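The values are calculated or read from the model by the stated rules, or taken from the named source; none is laboratory data. What you are looking at is a predicted structure, and each value in this text was computed from that prediction instead of being measured. Cβ: placed from backbone, ideal geometry, glycine included. Neighbour counts: every protein chain shown. Quick note on the areas: whole protein, heavy atoms, side chains included, nothing else; ligands and nucleic acids left out. Shrake-Rupley method; radii C 1.70, N 1.55, O 1.52, S 1.80 Å.
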Amino acid sequence: MSNLLILGGTTEANALAKAISDQGIAAVYSYAGRVETPRPQPLPVRIGGFGGPDGLAGYIQQNAITHVVDATHPFAAQMSRNAITACTATKTPLVALTRPEWTARAGDRWRHVPDIAAAVRELSGAPHRVFLAVGRMHLEDFAAQPQHHYLLRLVDEPSALPLPNCDVVVAKGPFAEDDDRALMKRHDIELVVSKNAGGSGARAKLDAARTLGIPVLMIDRPVLPQRTELTNVVQALDWLSHSGVNLGV
Ligand code: 3Y8
Ligand code: NAP
């Protein structure tokens, strides 16, 4: 009898959860608990860390988890590393459901940096109006460059902000290009800072930047250990079926 653990928090994880639920397969959807009201799921949900790789291994054993699908975000590197460690230790089949990196197209004005620290260094120099669309967790890093006027987009209303000169938009994606274009024009944005998240939910700002001729500082993904990676739900269902999961219909 199979019992899946989906490490979630992305558009792809949500699409997989619906497919798994529709197939009547036993599964649990896991959130870290980063935001106040995470999207409801058609599966049982658990919220919160596992307590490192050993905690995850214990969870797998105590809950008779038979397969793990790591459908977390490409920047959720620690969770992905822990999943590899725990699934190796417990001999549990693991697959990653991720999305291809975004690549620049004609008209894009991208400058790549290897990580968030390098993006912060790139922001030294004269003040600009910067759309800092990388969420909340790394805002403190950008306090090293307080000279800019920042537009921040956050999932929840912030309690305190480490940046003296900023406007805040509270919004949860997926986002649309027209809305992001209007937002960037309204705030007279001169530079966009973005993670190379991939997928459709966060790319609106890049399409808007191209249309408006605004440069983008693109933060490359953290490097992860080797694992099987799939990029759509059909592939994930096929992998599950070949890993012994009886797909209902
Ligand atoms: C808690 C669970 C769906 C899935 C929604 C995707 C798309 C919209 C775009 C911008 C970029 C950012 C951020 C972003 C997007 C999807 C997807 C995606 C980027 C939710 C969610 C959780 C989180 C956590 C949150 C982080 C933050 C990052 C905001 C749910 C809404 C910036 C990533 O306040 C915080 O602590 C926020 C933390 C991790 C990155 C950061 O460093 O702050 N995501 N986002 C998950 C958990 O608890 O396990 O409510 O649905 C999910 C989604 N956010 O179709 O509904 O799949 O990528 N999420 C980035 O790309 O840089 C916003 O504003 O342009
Ligand atoms: P992270 O830095 O890789 O993980 C840090 C710790 O958070 C993990 O070691 C684990 O704690 C816990 N954790 C992370 N994801 C979890 C999950 N799905 N279920 C249970 N525990 C989880 O992760 P992150 O970047 O903070 O991402 C957190 C969540 O937000 C993930 O669900 C991710 O998919 C989603 N998300 C992240 C981004 C982003 O930009 N980072 C963007 C969109 C969505 P323990 O060690 O205690 O087990």
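Give the ranking of 1, 137, 79, 218 by solvent-accessible surface, highest area first, calculated with a 1.4 Å probe.
Numbers: 1 205, 137 100, 79 50, 218 0 Å².
Most to least solvent-accessible, the answer reads 1, 137, 79, 218.
In terms of Cα to Cα distance under 27 Å, which lysines are near enough to residue 185, apart from those fewer than 8 places away along the same chain?
Residue 185 reaches 172, 195, 205.
Under a Cβ-Cβ cut-off of 15 Å, what is the net charge of the residues other than residue 142 that fall near it, where Lys and Arg count +1 and Asp and Glu count -1? Present the calculation step by step, with values, prior to reporting the outcome.
Working: positive: 121, 129, 136, 153, 195; negative: 115, 122, 140, 141, 167.
So the environment of residue 142 carries a net charge of 0.
Rounded to the nearest 500, what is the chain's calculated 222 nm mean residue ellipticity when only DSSP H runs of at least 4 contribute -39500 (n - 2.57) each, over all residues? Mind showing how you got there, number by number?
Working: 8 runs with 77 residues, N = 249.
Theoretical 222 nm ellipticity from helices: -9000 deg cm²/dmol.
Relative contact order for the chain: what is it in percent, counting Cα pairs under 8 Å that are at least 6 residues apart?
Details: 458 pairs, mean separation 56.7, N = 249.
Reported as a whole number, the value is 23 percent.
Mind checking which lysines have their C-alpha under 28 Å from residue 91, skipping anything on the same chain fewer than 8 residues away?
18
Counting Lys and Arg as +1 and Asp and Glu as -1, what is the net charge of the other residues whose Cβ lies under 13 Å from the Cβ of residue 180? List each step's numbers first, then the result.
On the way: positive: 153, 181, 185, 186, 203, 205, 210; negative: 177, 178, 179, 207.
Net charge in that neighbourhood comes out at +3.
So for the pair residue 37, residue 128, with labels modelled 7 Å out along Cα→Cβ, what separation do we get in nm?
3.6
In the range 43-73, whose amide N lies under 11 Å from the spot 7 Å out along Cα-to-Cβ of residue 89? List them in ranges.
51-61
To test your reading of the geometry: what angle, between 0 and 90 degrees and rounded to tens, separates the Cα axis of helix 52-62 from the longest principal axis of the chain?
The two axes meet at around 30 degrees.
Pop out the ³J(HN,Hα) list for the range 234-239 in order, Karplus 6.51 cos²θ - 1.76 cosθ + 1.60 with θ = phi - 60°, rounded to Hz; leave Gly and Pro as x.
4, 4, 5, 5, 5, 4
For the range 25-34, just list the computed ³J(HN,Hα) in residue order, Karplus coefficients 6.51, -1.76 and 1.60, θ = phi - 60°, integers in Hz, with x standing in for Gly and Pro.
After applying 6.51 cos²θ - 1.76 cosθ + 1.60, I find 8, 5, 7, 10, 9, 10, 10, 6, x, 6 Hz.
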